[in-house]
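A short write-up of the structure that comes next.
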Amino acid sequence: MTERPRPLPQPGIMDIALYVGGAAQIAGHDNVVKLSSNENPYGPSEKAREAAARAAHQMHRYPNTDHASLRAAIAEVHGLDPDRIICGVGSDEVLQFAAQCFAGPGDEVIMTEHGFSMYPILTRAAGAVPVVVPETERRVNVDAILAAVTPRTRIVFLTNPGNPTGTMLTEAEIRRLAQGLPGNVLLVHDGAYTEFAEENYRRDFALADDFPNVLATRTFSKIYGLGGLRIGWGYADRALIDVMNRVRQPFNLSGVQLAASEAAMKDRAHFTRCQTENTKWRDWLRRALLDLGIDCDESHANFVLARFADAETANACDAALQAEGLIVRKVAGYGLPNCLRITIGDEPSCRRVAHVIGRFMAGRDQA
């Protein structure tokens, strides 16, 4: 029998490497401590849980399509214009809107070598070409980005603070980047971890106010502890938001998502507690790693990047952690084979990680 022809994917689709999330299980361990996905160890606020439970009684009803109440809550907390906010299924969907709307076949999209692994996926899905530029000692190099711009450049994706590096550009560096880009190039400031940067966590909104080609994105998955619900948002010039709303599915967020995220946004006490505890134990764990002779850059996110002498040592340390039921993230896929990214957990988790790594390093020294 003659084989029938099959539908062919668009060019670039089969070049996409599938995204691999952080591990959640270890064979032989029933109670693991998952520190591989940068989740909030304190979970969502009780107010968000209660709002989700109430909304669940209306699951047979379609949600509103304009997200007006959630956008109003975000705008009130941050002092923004609600009409310049767009909401998505995680900030990933907002990033997808940007790629879909502003890049296409033959276009180029710039990202840095240790940037979020979804960027090349979204770029290729739009038919565009990823252009990867080097970082300098795990920090974004503004000059390298500007030097990579060509007439075909349409988008620059910037993770700030970086994932998995945790490093952060200064406000002057970000503004130099925005100022140096042509006006027809969209700068996407991916601020998934910006809330963990304490006093700096609102400056991307000012950037979007001052530059009409800047999109600032945020997520409820990290500091708000709603990763399982998938909610994100973006803030930009009204004209950019209008374009992206044309490709957004009208019912992309459920009633439960909308209710939980609005309550989470309004619960500033829970936000402050999570921010304070993360800062405390992030700094504690970094100092513990440095005391063990493990290099670790200052982090502005909810994780630290432990740098070992080589990939073999990093893999051996990962195995030692797993043997104790601790899951961290190997980041060879981000071009950092000698590193482990460790989510900041609660106090017992951080102390366990430091203890196990300390024992591992002592064993290496004695071998």
### Message
Where in the chain is the longest stretch that carries no GluC sites (Glu not before Pro) classed as loop by DSSP and with at most 12 other Cβ atoms within 10 Å?
### Response
138-297
### Query
So what is the relative contact order for the chain, in percent, with contacts set as C-alpha pairs under 8 Å and at least six apart?
24
### Summary
Interchain or sequence-distant (5+) residues whose placed amide H lies within less than 5 Å of the amide H of Leu226 are Ser221
### Message
Expected output is a single nm value to one decimal: the length gained when fully extending between Arg268 and Val132, i.e. 0.36 nm times separation in residues minus the C-alpha distance. What is it?
### Response
45.2 nm
### Task
Over all alpha-carbon pairs of the range 223-335, lay out the pair-distance distribution in 10 Å bins, whole %, shortest bin first.
10, 27, 27, 23, 12, 1
#### Entry: FRET efficiency, Arg351 to Asp310 (Cβ-Cβ, R0 30 Å, nearest 0.05)
0.65
### Task
Using DSSP, restrict attention to beta bridges with both residues in the range 46-267 and report what percent are antiparallel, rounded to the nearest 5.
35
### Query
So if R0 is 41 Å, what FRET efficiency would Arg49 and Ile13 give, r being the distance between their Cβ atoms, rounded to the nearest 0.05?
0.60
### Query
Mind checking which lysines have their C-alpha under 24 Å from Lys34, skipping anything on the same chain fewer than 8 residues away?
Lys222, Lys280, Lys330
### Query
In deg cm²/dmol, rounded to 500, what helix-only [θ] at 222 nm does the chain give when every DSSP H run of at least 4 residues adds -39500 (n - 2.57) and the total is split over its residues?
-12500 deg cm²/dmol
## Note on the structure
Computed for the chain: size of charge dipole around the Cα centre, +1 on C-beta of each Lys and Arg, -1 on C-beta of each Asp and Glu, debye to nearest 20, value 720
### Summary
Expressed in µm² per second, the diffusion coefficient of the chain from the Stokes-Einstein equation, with Rh the Kirkwood radius over alpha carbon pairs, at 4 °C and 1.567 mPa s, is 60
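Every number in this text was worked out from the coordinates using simple rules, so none of it is lab data. None of the values given here were measured: they were computed from a predicted structure. Cβ sites come from the backbone with ideal geometry, for glycine too, and all protein chains shown count toward neighbours.
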